[in-house]
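Read the structure below first, then the notes.
The values are calculated or read from the model by the stated rules, or taken from the named source; none is laboratory data. Note that the structure is a prediction, hence the values are computed from the model and not measured. Reconstructed Cβ throughout: ideal geometry from the backbone, glycine too, with neighbour counts over all protein chains shown.
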Amino acid sequence: MRIALFATCLADTLFPEAAKATVLLLERLGHEVVFPAEQTCCGQMHVNTGYQKEALSLIKRYASVFDPYDVIVAPSGSCVGSIRHQHQMVAASYGDAGLVSRAADVASRTYELSELLIDVLQVEDVGAYYPHRVTYHPTCHSLRMTRVGDKPLRLLRQVRGLDLVELPAAEQCCGFGGTFAIKNAETSTAMLADKMTNIVSTGADVCTAGDASCLMHIGGGLSRLRTGVKTVHLAEILAAT
Amino acid sequence: MSTFLGMPATAPRGVGHLRGSLPFPEAAHEALGNSQLRRNLRHATTTIRGKSGKVIAELPDWQQLRDAGSAIKADVMSRLPSLLEQLEENVRAAGGVVHWAADANEANRIVTDLVRATGSPRVIKVKSMATQEIGLNEALEEAGITPVETDLAELIVQLGEDKPSHILVPAIHRNRSEIREIFLRAMPGVDPALTDDPPVLAAAARRYLRETFLSTKVAVSGANFAIAETGTLGVVESEGNGRMCLTLPDTLITVMGIEKVLPTWRDLEVFLQLLPRASTGERMNPYTTMWTGVTPGDGPQNFHLVLLDNGRSAVLADTVGRQALHCIRCSACLNVCPVYERTGGHSYGSVYPGPIGAVLSPQLTGVADNASLPYASSLCGACFDACPVKIDIPSLLVHLRNQVPHPAGEKAVMKAAAYTMARPRLYANAQRAAKLARIAGRRGRGLPPPLSGWTAGRDLPEIPKQTFRDWWAER
């Protein structure tokens, strides 16, 4: 299958390993990956901070750049959630009817990585080997916006060598929330403290998730406290052999 | 939302409790450092979450009930004026008197005048969010009338000269030793040997309240529901103190937000299943009191209904924002909110705290007066999943953030970011320039404000040697 990669601005810039792993994993499974170079950002940061008008050009760009592709994948439950739930809304407020239907159409062809693997490519065992004790944090947007359910866990359970340990209070937010972590840094830190306590309590040496943003937040805290626990994107674990 | 002539007014300043004195992050700063508060909140919200989750799981049709609740409320909002007129007509026909209050000042004046006319120096009160919202107690006190809260937790708050911090359990921030101290200090006729044993504390309140019930001729209540087709009002509660107020006095005055009306008696079937399970985690609330006007020889012989707007028509005018009026004040969103659990209710400044408060308060006052509240959320979405009438609170927060007046510096940065991201070549150059961020020092400790909040508790990621797109181009 020919799959277009939406790398997301964050992975492209700060966490390229997550995007590279997505490419290498899909190629290993026998698919062709293309990277439309005109892509930038889904606009979620603008929308969620109160700048919908400014996000319009990014939403237009996403719809036109990815329109030619039947299947689009992003290694982020949060960006996919924004594409599915916010693009049409902003298009309706600031764009035109044509953009609304184009945005809806492209969004319906956009999948989060675990959705693509399980729902579209129908594979649970991706042939990965990752000999570590791992705990999985279901990010809020992957869980409650994109609704990936237990798909990431189903994929992780098939990874050879991987010791999957359950994260207590897994469904509680890590406190990232985009600009929330800046505007309400102290409350965000209080939420992160509890998330880190739960991660450390599992004895895992790796915390994984489907979003580089939440992992940047959790990883930033775990690193500051010198816990020795690493954060690794789900795509990197699934790509490992 | 655009403004036009004849736009309904928002809730007035200088009266009531919809505005805090500090922006949310500053108010939260204090709460986050209060270890007793943090412990109380964690314990209380975890307990209610567990209880509620259990009884909700018993209902196979919970999702359909939520859909039904949402649909009924959407219908109500689409024809609110005619339903209110129908309610007025039926309350009058049953012997009640209906008053229309455009805002808090008018509602306070109406209630104060009604109490004065009875000559009673005191009123007993049923727990009510609407009267907290308008600051009725302060207005009554100014007129020389003593309001006595009869809900145990509201009584604790009142005697402690405190503010409620939760919609359902307003004294959630207090523990039993604090409650004992408050009772010893402020409860008339309290036994000085009072202990902090919960049954002992409850018995002390009971003794005090029984005397008050039997000697007070006027009661003030809110209402959970009003039925337009019959003119019936309803209050649901746990303690029975509400029923004392609703049945014993000669005069009953009910202050109700206009959004509480339901079209038909049958609609109650949905809400009486949704509310207790989402709220207290009970299958059914212990006391449900319904009354229709005046019944000769039984219960209050004078009944007044005060229909309160106080910004609600302005909320209704926003076709997206009006969902907030669907709220049935169950407080499920507070109990699942990770922000509320850590900051408590007082940080929100308004009597409506938590996720629903973060959308309702700014709409009632106009967003400029509560500009920090729509940002008091990580948009985690737990509130939306918990809401028994499916209010999409995260989307409403995003909707309100889009209306907030933005700080100039932030606006410039966001515009520049959008400009760059709309131009792939410029964007790629900016990405490469990000490597310069290494000047922030090893692991990026100590970024300048407003980013300093991040580096105070978290390291920054190492800037990678190569962006993904550069790697792709080299392949």
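Summary of values
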read-out	value
Filtered residue count, region B:354-367, keeping only those that are surrounded by fewer than 24 Cβ atoms within 10 Å (Cβ to Cβ) and under 17 Å from A:K183 (Cβ atoms)	1
Residue within region A:189-197 that is touching a residue at least 12 places away in the same chain (Cβ under 8 Å) and of a type in the set (D, E) present	yes
Test result for A:A7, farther than 30 Å from B:S395 by Cβ, within 9 Å of chain B (Cβ to nearest Cβ) and out of contact with any Ser or Thr (no Cβ under 6 Å at 6 or more places or on another chain)	no
Condition check for A:T231: under 17 Å from A:E112 (Cα atoms), touching a strand residue (DSSP E or B) at 6+ places or on another chain (Cβ under 8 Å) and not in a helix (DSSP H, G or I)	no
Failed condition for A:E171, given (1) farther than 22 Å from B:F384 by Cα; (2) within 14 Å of chain B (Cβ to nearest Cβ); (3) of a type outside the set (G, A, S); (4) surrounded by fewer than 19 Cβ atoms within 10 Å (Cβ to Cβ)	(1)
Residue match in region B:29-38 (condition: away from every other protein chain (no Cβ under 14 Å) and of a type in the set (D, E))	no
Count of residues meeting criterion [at the interface with chain B (Cβ under 9 Å from one of its Cβ atoms) and in a helix (DSSP H, G or I)] in region A:49-64	10
For A:A55: the one exception among (1) under 18 Å from A:A107 (Cα atoms); (2) crowded, with 20+ Cβ neighbours inside 10 Å; (3) touching a Leu at 6+ places or on another chain (Cβ under 9 Å)	(3)
Residue under evaluation A:M216, criteria (1) touching a helix residue (DSSP H, G or I) at 6+ places or on another chain (Cβ under 9 Å); (2) over 23 Å from B:A376 (Cα atoms); (3) touching a residue at least 40 places away in the same chain (Cβ under 8 Å), criterion not met	(2)
Scan of region A:184-202 for residues that are part of a helix (DSSP H, G or I) and hydroxyl-bearing (S, T, Y), ordered by number	A:T187, A:S188, A:T189, A:T197, A:S201
Failed condition for B:V115, given (1) farther than 30 Å from B:P355 by Cβ; (2) touching a residue at least 12 places away in the same chain (Cβ under 8 Å); (3) out of contact with any strand residue (DSSP E or B) (no Cβ under 9 Å at 6 or more places or on another chain)	(3)
Test: B:S378 is crowded, with 21+ Cβ neighbours inside 10 Å and in contact with an Asp or Glu (Cβ under 9 Å, 6 or more places away or on another chain)	no
Search result, residues across region B:385-417 that are under 15 Å from A:G43 (Cα atoms) and in contact with a Lys or Arg (Cβ under 9 Å, 6 or more places away or on another chain)	B:N402
Which listed residue, of A:E27, A:E32, A:E17, A:E54, is modelled with pLDDT of 95 or more and touching an Asp or Glu at 6+ places or on another chain (Cβ under 9 Å)	A:E17
Qualifying residue in region A:130-147 (condition: within 14 Å of another protein chain (Cβ to nearest Cβ), surrounded by fewer than 18 Cβ atoms within 10 Å (Cβ to Cβ) and not hydroxyl-bearing (S, T, Y))	yes
Region B:431-462, residues that are more than 7 Å from chain A (Cβ to nearest Cβ), at pLDDT 70 or above and on the phi < 0 side of the Ramachandran plot	B:R432, B:A433, B:L447, B:P448, B:P449, B:S452, B:T455, B:E462
Subset of region B:364-386 [in contact (Cβ under 8 Å) with a residue 60 or more places away in the chain and either within 13 Å of the chain's Cα centre (by Cα) or within 9 Å of chain A (Cβ to nearest Cβ) (or both)]	B:L364, B:S372, B:L373, B:Y375, B:A376
Residues of region B:314-357 satisfying the condition of being more than 23 Å from B:R174 (Cβ to Cβ) and either in a helix (DSSP H, G or I) or within 12 Å of chain A (Cβ to nearest Cβ) (or both)	B:A314, B:V315, B:L316, B:A317, B:T319, B:V320, B:G321, B:R322, B:Q323, B:A324, B:L325, B:H326
Region B:387-410, subset more than 7 Å from every other protein chain (Cβ to nearest Cβ) and charged (D, E, K, R), residue nearest to A:Q86 (Cα to Cα)	B:D392
Subset of region B:178-204 [among the aliphatic types (A, V, I, L, M), in a helix (DSSP H, G or I), loosely packed, with under 14 Cβ neighbours inside 10 Å and without any contact (Cβ under 8 Å) to a residue 40 or more places away in the chain]	B:A203
Single residue of region A:148-161 satisfying the filter (more than 14 Å from chain B (Cβ to nearest Cβ) and surrounded by fewer than 20 Cβ atoms within 10 Å (Cβ to Cβ)) that is nearest to B:R401 (Cα to Cα)	A:D150
Any hit, region B:142-156, residues being in a strand (DSSP E or B), among the β-branched types (V, I, T), over 24 Å from B:P12 (Cα atoms) and within 22 Å of the chain's Cα centre (by Cα)	yes
Pair list, Cβ under 6 Å, 6 or more apart: region A:125-146 residue farther than 17 Å from A:A170 by Cα, other residue of a type in the set (K, R) and at pLDDT 95 or above	A:Y129/A:R160
Matching residues, region A:105-146, being farther than 16 Å from A:F6 by Cβ, of a type in the set (K, R) and outside any strand (DSSP E or B)	A:R144
Test: B:D196 is at pLDDT 95 or above and of a type outside the set (A, V, I, L, M, F, W, C)	yes
Unique match (being part of a helix (DSSP H, G or I) and touching a Gly at 6+ places or on another chain (Cβ under 6 Å)) among B:L274, B:L305	B:L274
Region B:228-242 residues that are free of Cβ contacts under 8 Å to residues at least 60 places away in the same chain and crowded, with 18+ Cβ neighbours inside 10 Å, paired with ones that are of a type in the set (A, V, I, L, M) and assigned to a loop (DSSP other than H, G, I, E, B) (beta carbon under 8 Å, 6 or more apart)	B:G234/B:A223
